[in-house]
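S.K.: Structure in structure tokens, see below.
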Amino acid sequence: MKIAEIFKSLQGEGINQGRPCLFIRLAGCNLRCRWCDTPASQTGGMQMSLDSILEQVWRTNPPYVCITGGEPLLQEEELERLLISLHKRGTTIDIETNGTLDFSRFQPYASICMDVKCPSSGVKSDLDLLEKIRTEDSVKFVVRDEADCEYALEVMKNHPIKGEVFFSPVFGTDYKPIVRFILTSSLPVRFQLQLHKILGVQ
């Protein structure tokens, strides 16, 4: 597998925000979002065997692992083998994906956090994938402005989502208009800042 990095930190977002977590960041991405916060993971990476990855993981024997990218689903065959090994150990697993590739084959092993790309990102997600989201999964809209919020609202109206929905502002933007939009629209979402960015950790 092409690995960008493996590291321990606090989970900064999603349904497990605040939990200590081992991150496995896969390298390579099929999108180029304008506000990508991990551009170094879009290409490159270090080739590692599954045994090497698991050896590094078992050193800390983490109860919770997040697999992110880049776009981890691009390495689907290797990813599934990794998930099976982690799942057998009883590890709680999240997968963060950009919403362009079918994630259903991985749902028996992990909770899915699907990004829905808003207009400010300059790219698009496959909205048909939202019907595959379960109650134990989640959806994240990274929003920069009211136009992004309006887009997210329209998506939610046309695509009922079973899992929890997050509005996460692009880091460094003015959060207040986004909060006002959520309140005035009575949206059934959770507003969430990126905790790791606020704390200054990876």
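The values are calculated or read from the model by the stated rules, or taken from the named source; none is laboratory data. Remember, predicted model here, so these are calculated numbers, not experimental data. Cβ atoms come from the backbone with ideal geometry, glycine included; neighbour counts cover every protein chain shown.
S.K.: Just one of R81, R59 is of a type in the set (K, R), over 16 Å from the mean Cα position of the chain (by Cα), farther than 24 Å from L195 by Cβ and modelled with pLDDT under 95; which is it? Steps first, answer last, please.
M.R.: Values: R81 fails: modelled with pLDDT under 95.
The match here is R59.
S.K.: Which of the following residues is in contact with a Ser or Thr (Cβ under 8 Å, 6 or more places away or on another chain), over 19 Å from E136 (Cβ atoms) and either of a type outside the set (S, T, N, Q) or surrounded by 13 or more Cβ atoms within 10 Å (Cβ to Cβ) (or both): P72, P39, P62?
M.R.: P62
S.K.: Restricting to the stretch 16-48, name every residue that is more than 24 Å from L199 (Cβ to Cβ) and either part of a loop (DSSP other than H, G, I, E, B) or without any contact (Cβ under 8 Å) to a residue 24 or more places away in the chain (or both).
M.R.: Within the stretch 16-48, A27, G28, C29, N30, L31, R32, R34, T43, G44, G45, M48 qualify.
S.K.: Please go through the stretch 35-72 and pick out each residue that is in contact with a Cys (Cβ under 6 Å, 6 or more places away or on another chain) and farther than 21 Å from V123 by Cβ.
M.R.: Listed by number, the residues that qualify are Y64, C66.
S.K.: Could you list all residues from the stretch 118-143 that are surrounded by fewer than 20 Cβ atoms within 10 Å (Cβ to Cβ) and either touching a residue at least 60 places away in the same chain (Cβ under 8 Å) or assigned to a strand (DSSP E or B) (or both)?
M.R.: Correct list: S120, G122, V123.
S.K.: Which of the residues belonging to the stretch 147-191 are part of a helix (DSSP H, G or I), aromatic (F, W, Y) and surrounded by fewer than 19 Cβ atoms within 10 Å (Cβ to Cβ)?
M.R.: Y151
S.K.: For the stretch 131-145, indicate whether the set of residues that are of a type in the set (A, V, I, L, M) and farther than 24 Å from G70 by Cα is non-empty.
M.R.: If we filter the stretch 131-145 for residues that are of a type in the set (A, V, I, L, M), which is where we start, we get 133, 139, 142-143.
When the remaining residues are screened for being farther than 24 Å from G70 by Cα, the result is none.
So far as the stretch 131-145 goes, no, none of its residues is of a type in the set (A, V, I, L, M) and farther than 24 Å from G70 by Cα.
S.K.: Still on this structure, I have one more. If I ask for residues that are assigned to a loop (DSSP other than H, G, I, E, B), without any contact (Cβ under 8 Å) to a residue 40 or more places away in the chain and over 17 Å from L26 (Cβ atoms), which ones from the stretch 57-100 would you list?
M.R.: R59, N61, P63, R89, G90
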